[in-house]
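What follows is one structure encoded as structure tokens, with my remarks underneath.
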Amino acid sequence: MNNNTYKLHILGSRGTRSVFEDNFKEFGGETSCYILKGDRHAVVIDCGSGFYAAKELLKDCKTIDILLTHVHYDHVIGLFDETIIPNNATYRFYGNFSNWSKGNVFKDLFRKPFWPVNTVKGEMVDIKSNDTIKINEHISFRAYPSNHPDYCNLYSIKIDDKKVCILSDYENGDLFDSNIVHEADLMIYDGMFDVD
């Protein structure tokens, strides 16, 4: 998708665990990471194992906005590499932080003895489901509640007059609001869960 020089890159779209067998060469086997890349700005949706491949893509970014759907390991494992985000970039994380941890969710994630270095130093913006956030003059997003444990969000992202919807880890159920995808130009739907 191109709009106002933004292009969508899918670096990972697999659920739960990354895989590397031959039959995953065409479509890949990394866990969730989607990047809307502009000239010197990027919007990253989730930092699964696909985020490890983002270093070259993000190297010229001055600002990076990271939308976390939730903090299950398969959606944040890419944050363990502190070299992916350029040193001179300003970056913000958006998510349900007040629901995810009694303290700082990243301090919990990167704590000893499990990991020796806290690699996350960006600003954390606490959002709730149904919040609409304006990132800049071209991009805004709305968070919607997802039918998935631990305060997961679905995202509807607007870039000028285009709409991209990310429905990550959505488990089929009555909660779904069709307004999320109404008039979407592109929808990415995680097909991991069936009706059972």
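Give the residue that is modelled with the highest pLDDT, with candidates limited to residues of region 178-196 that are over 20 Å from the mean Cα position of the chain (by Cα) and of a type in the set (Asp, Glu).
Going residue by residue through region 178-196, those that are over 20 Å from the mean Cα position of the chain (by Cα) are 178-179, 182-183, 194-196.
From the residues that got through so far, the ones that are of a type in the set (Asp, Glu) too are 183, 194, 196.
Working: GLU183: 92, ASP194: 64, ASP196: 59.
So the residue we want is GLU183.
Out of all the residues in region 119-173, which are more than 18 Å from HIS70 (Cα to Cα) and among the small types (Gly, Ala, Ser)?
Once the filter is applied, which keeps residues that are more than 18 Å from HIS70 (Cα to Cα) and among the small types (Gly, Ala, Ser), region 119-173 yields SER140, GLY173.
If a residue has to be open to solvent by 20 Å² or more (accessible area, probe 1.4 Å), of a type outside the set (A, V, I, L, M) and either in contact (Cβ under 8 Å) with a residue 40 or more places away in the chain or at positive phi (or both) to count, how many in region 76-111 make the cut?
2
Filter region 63-75 for residues that are assigned to a loop (DSSP other than H, G, I, E, B) and either open to solvent by 10 Å² or more (accessible area, probe 1.4 Å) or aliphatic (A, V, I, L, M) (or both); which is farthest from LYS163 (Cα to Cα)?
This residue is HIS72.
The values are calculated or read from the model by the stated rules, or taken from the named source; none is laboratory data. Small disclaimer: the values here were computed from a predicted structure and weren't measured. Backbone-built Cβ (ideal geometry, glycine too); neighbour counts: all protein chains shown. For accessibility, only protein heavy atoms count, side chains too; no ligands or nucleic acids. Shrake-Rupley method; radii C 1.70, N 1.55, O 1.52, S 1.80 Å.
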